Structures are given as structure tokens and as C-alpha cells.
Amino acid sequence: MSRERVKTLIIGSGPAGYTAAIYASRANLSPVLYQGPQPGGQLTITNDVENFPGYPKGIMGPQMMMELQEQAERFGTDIRTGFVTGVQFNEDGPHVATVNEEIEIEADSVIISTGASAKWLGLESETRLNGMGVSACAVCDGFFYRGQDVVVVGAGDSAAEEAHYLSNLAANVHLLVRRDEMRASKIMQDRVIKKENITIHWNTETKEVLGKDAVEGVRVFNNKTNEESTIDVTGFFVAIGHKPNTDIFKGQLDMDDAGYLITKPDSTQTNIKGVFAAGDVQDTVYRQAVTAAGTGCMAALEAERYLVELED
């Protein structure tokens, strides 16, 4: 297996990884970025992005990621296709990453931007209509459903928050809860219940998202009575949680119970010196492209300072 030494290795792309690459390359850190299994991250499956600053007319998610990649490459980032399959972080460095089981990268600093993946129901229709009415982010896509009827699937705080947020935009929100109670905190449940345009469907599960080129409705069934019915909606929001892409870091980096990387307060620094985390991989609250880009900037600036101190 061949081995290569670099100053800064960026694992993962998306707004966090590409922004980190832009700042790191401008600081002459000669970053090498491996895009991972989904180059560009979750925005590559998002059609319209209208809430990222600098795009007054909006932009398609894949196009935005291409432009971020081109910007990083313009300043000299070595962007590579490939998947980091293993890591060995060392307190005194260098850190080692194995890529595609073919090459080992020794890095003085590492920026992790592997993101988090939304959990889905696993329906064929859900996958087929993803980005065409099916979404996992109300803050990202809720604007497109002003005055329309939508469905939210889930029973936790995230689902309650999504439903409440959408209720201020949509005409009617149907919240599908598969049990006869919610897991959400009492305060979030109260907010949802008090909203006149939110209807909670208890013991209800999704059987199929209806529509050919766009969401037209949802076929559901009551798991107590097995009765089926159809809800006419144009938006289908899945809010059953996210899974951070952190499996290869288990046992080496501090994580919370859900697997999100824990960083020091007001920092992207992990528990290992020279290893930083940016974007959704460490963000359990906002999960927006603009906040991911912000932490990507922070990670690169902190990596630069770390490398300067390393040389002293």
C-alpha cells in the first residue's frame, strides 16, 4: 500500500468540506480533499436552494456544489474521488487515513466534514420523488409549499418542530404518528396540538407517496384497524432523525449518544489535537448549508493556527 504525506486532509465534501478547502488552500496548507461516497453531500439531491446568501434568484443544489468545488480547485485544492475507509488518529501526529484500501495518507491536520444522512422510511415512491415534493428539511424547502397542504412523518421533537414550522407557511399540516402517543417533549407536543391547521393522525403509517413527477398525495394505513386512506398533499416531509456519518471514527473521537462528533466550545477542535470537525457531522441543531460552510471556515482557520504552532 502506497503512502503519501500532506499538511491538511479534508474528509468529505459538501458546503463544510469545500469551504474548509477554500480557506485552507488560500492559507497555503495544500489541502487534499476526498469527496466520499456522495460528492457534494446532501445538496446534490436538493433541487432549489433559495436560502444561501449570494444567490438572489436561487440555485440548484448540484450546481451550487459544482461551483463550490471549482472555487476550491481555483485556489489549488487537490480534490479527489475516493472513500476514506479507516483512520488512525495520533495525539502527537501525524494522523493516518486509508483511502479505498489502496493508499495511506499521513496528515498533519485533518478536517472531518462527512455530514449526516437523513433517515428515510425506505419506500420506493419516497426515493423516486425525493426532491420533487419529498424532503427531510422543512427549513430548507418549506417556502415552496406556502398555502398548500403537506404531510410530516415522525413523533419526536424534530417532527414536532418541522410540523410547527410548516404550519406557519402551509395551509394544512398532517402529522403522521405511528403510535398513539408522541415521543416529543411536552412543550413541543403542546405547540403542535394548539395549532389549528395541524392535524395529528395517530397510529398511522405511510404506505405510498403518490404522484408521477411530483407529490400529489399519500396513501396511509391505520395500524390498529388496517384501514387505508389517502391524504391529498403536495409536500411530504420525513422527520424521523439523522444519522451522522461517523462510524469509522468510533473509538477514537468523542461522540454523543447519537454518534455526532463532540467539539470543544466555540471551536471545531475534537478531543484529538489537529483533528477538526465541521458541518452536520457535529451539528445537531441547525443543519443548514450556510452554518456548515461557517464551521468549514472555522475548521480551516483553526487547522492553520494549529500547524503554525506545530512548526514553532
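The values are calculated or read from the model by the stated rules, or taken from the named source; none is laboratory data. Model, not experiment: these values are computed from the prediction. Positions of Cβ are backbone-derived with ideal geometry, glycine not excepted, and every protein chain shown enters the neighbour counts. Accessible surface is based on the protein model in full, side chains and every heavy atom, while ligands, DNA and RNA are left aside. Shrake-Rupley method; radii C 1.70, N 1.55, O 1.52, S 1.80 Å.
Averaged across orientations, what area in nm² does the convex hull of the alpha carbons in the chain project?
Mean shadow area of the hull around the Cα atoms is 17.2 nm².
What residues of segment 210-253 lie in the reach of a label at Lys119, counting those whose backbone N is under 13 Å from a point 7 Å from the Cα along Cα→Cβ?
So the set is 238-244.
Can you list the cysteines of the chain that have no other Cys Cβ under 4.7 Å away?
Cys297
What ranking of Phe89, Phe83 comes out by heavy-atom accessible area, probe 1.4 Å, highest first?
Sorted by accessible area, descending: Phe83, Phe89.
Under the rule of at least 5 residues apart or a separate chain, name every residue whose amide H is placed under 5 Å from the amide H of Glu208.
Those lying under 5 Å, H to H, from Glu208 are Arg219.
For a Förster distance of 45 Å, can you work out the FRET efficiency between the beta-carbons of Ile240 and Asp312, rounded to the nearest 0.05?
Efficiency computed from Cβ-Cβ geometry: 0.40.
If each of Trp202 and Thr225 carries a label point 7 Å out from its Cα toward its Cβ, how far apart are those two points in nm?
1.3
Go through Ser167, Ser2 and list them by solvent-accessible area, largest first, probe radius 1.4 Å.
Most to least solvent-accessible, the answer reads Ser2, Ser167.
Counting only other residues whose beta carbon sits under 11 Å from that of Leu166, what net charge do I get with K and R as +1, D and E as -1?
After counting each charged neighbour, the total is -2.
Within segment 236-273, what residues put their amide N at less than 17 Å from the label point 7 Å along the Cα-to-Cβ vector of Gln88?
248-253
If the cut-off is a Cα-Cα distance under 27 Å, which lysines reach Lys243, setting aside same-chain residues fewer than 8 apart in sequence?
Lys119, Lys186, Lys207, Lys264, Lys273
Helix-only estimate, please: 222 nm mean residue ellipticity of the chain, summing -39500 (n - 2.57) across DSSP H runs of length 4 or more and dividing by its residues, to the nearest 500.
When only DSSP H runs of four or more count, the value is -7500 deg cm²/dmol.
Helix 61-74: angle to the longest alpha-carbon principal axis of the chain, degrees 0 to 90, nearest 10?
10
Treat every Asp and Glu Cβ in segment 120-238 as -1 and every Lys and Arg Cβ as +1, leave all other atoms uncharged, and give the resulting dipole magnitude about the Cα centre to the nearest 20 debye.
240
I'd like the carbon and sulfur percentage of the solvent accessible area for segment 120-238, probe radius 1.4 Å, heavy atoms only, ligands and nucleic acids excluded.
The value for segment 120-238 is 46 percent carbon and sulfur by accessible area.
Order of 14-24, 257-267, 62-72 by packing, highest average Cβ count within 10 Å first?
Those peptides, ordered most packed to least, come out 14-24, 62-72, 257-267.
More than 23 Å apart: what percent of Cα pairs in segment 120-238 qualify?
Summing the P(r) tail past 23 Å for segment 120-238 gives 21 percent.
Just to confirm a number: summing +1 for Lys and Arg and -1 for Asp and Glu over residues other than Ser113 whose beta-carbon lies under 15 angstrom from that of Ser113, what do you get?
-1
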